[in-house]
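What follows is a short report on a single structure.
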Amino acid sequence: MDTTAAASGEPSADRPVLPDGYGIPETTDGQLTWADVEPRLVQSMHYWLGSVRPNGTPHSVPRWGVWLDGKFWYDGAPSTRHTQNVEKNPAVTLTLESGTEVVIIEGDSVATRADADGFGARLSEAFTKYKDSGYSPGPDSWSGEDGGGLRVITPRRAMAWFAFPKDCTRFTF
């Protein structure tokens with residue numbers, strides 16, 4: 001495991017353990033860095049959020065959101081299925097759209113808020129990528145007592161590859 005990366009605040013990187021026959025290299029040669037992966041999370045317009053219903057069945061939904069300060073920020077009504085799910089079980093997966101240039105985040109989704117004169121302004125700026133699609137929340141959108149439906153996913157683990165299997169990399173936060 002790359003402990004230097006963990007000490008610097010970056011996730012540590014290693015190879016995932018997959019069944020024999022997948023061709024995962026046994027060395028770190030060709031392994032991705034977090035600097036290879038994180039820009040894709042920042043630039044993406046569409047994300048898939050996977051959660052688990054209270055009865056144990058899976059639920060997947062496309063989401064808009066932003067990757068900022070090493071976390072995924074998104075909002076939505078508390079009455080949505082995915083919000084009801086994560087209120088009972090915060091464990092989620094977050095993936096990008098591509099099945100060949102893959103980024104998979106595993107983490108927990110929790111309700112939060114952001115003050116307009118602080119982090120809310122930074123979030124609002126990051127959300128401008130959706131302005132042409134008709135969504136442009138202001139800095140005060142998440143400052144109310146309920147946080148305007150704002151949620152944050154803090155990653156625990158990630159897996160990524162852009163040329164499977166040679167660059168398949170697991171990250172631990």
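Points worth noting:
- Whether region 85-140 is rounded, prolate or oblate, judged on the alpha carbon gyration tensor where a/c under 1.5 counts as rounded: oblate
- Cα centroid separation, region 127-173 to region 29-85 (Å): 6 Å
- Lys/Arg +1, Asp/Glu -1 at C-beta; region 116-173 dipole; positive extreme among PHE162, SER133, LEU123: PHE162
- Segment THR154-HIS59, extension gain: residue separation times 0.36 nm, minus the distance between their alpha carbons: 32.3 nm
- Region 1-134 - Rg (one decimal) and Dmax (whole number), Cα, Å: 16.9, 53
- Measure of compaction for region 72-173 (Cα Rg per 2.2 N^0.38 Å): 1.22
- Within the chain, helix-based [θ] at 222 nm, where runs of 4 or more DSSP H residues each add -39,500 (n - 2.57), nearest 500: -4500 deg cm²/dmol
- In the context of the full set of protein chains, residues of the chain present 53 Å² of accessible surface per residue (probe radius 1.4 Å, heavy atoms only).
- Loop-resident sites, region 90-173, for GluC sites (Glu not before Pro), counting at most 10 other Cβ within 10 Å (DSSP): GLU145
The values are calculated or read from the model by the stated rules, or taken from the named source; none is laboratory data. In this text the structure is predicted, and so the values were computed from the model without any measurement. In this analysis, Cβ positions are derived from the backbone assuming ideal geometry, glycine residues included, and neighbour counts consider all displayed protein chains. Please note that ligands, DNA and RNA were not included when accessible areas were found on the heavy atoms of the full protein model with its side chains. Shrake-Rupley method; radii C 1.70, N 1.55, O 1.52, S 1.80 Å.
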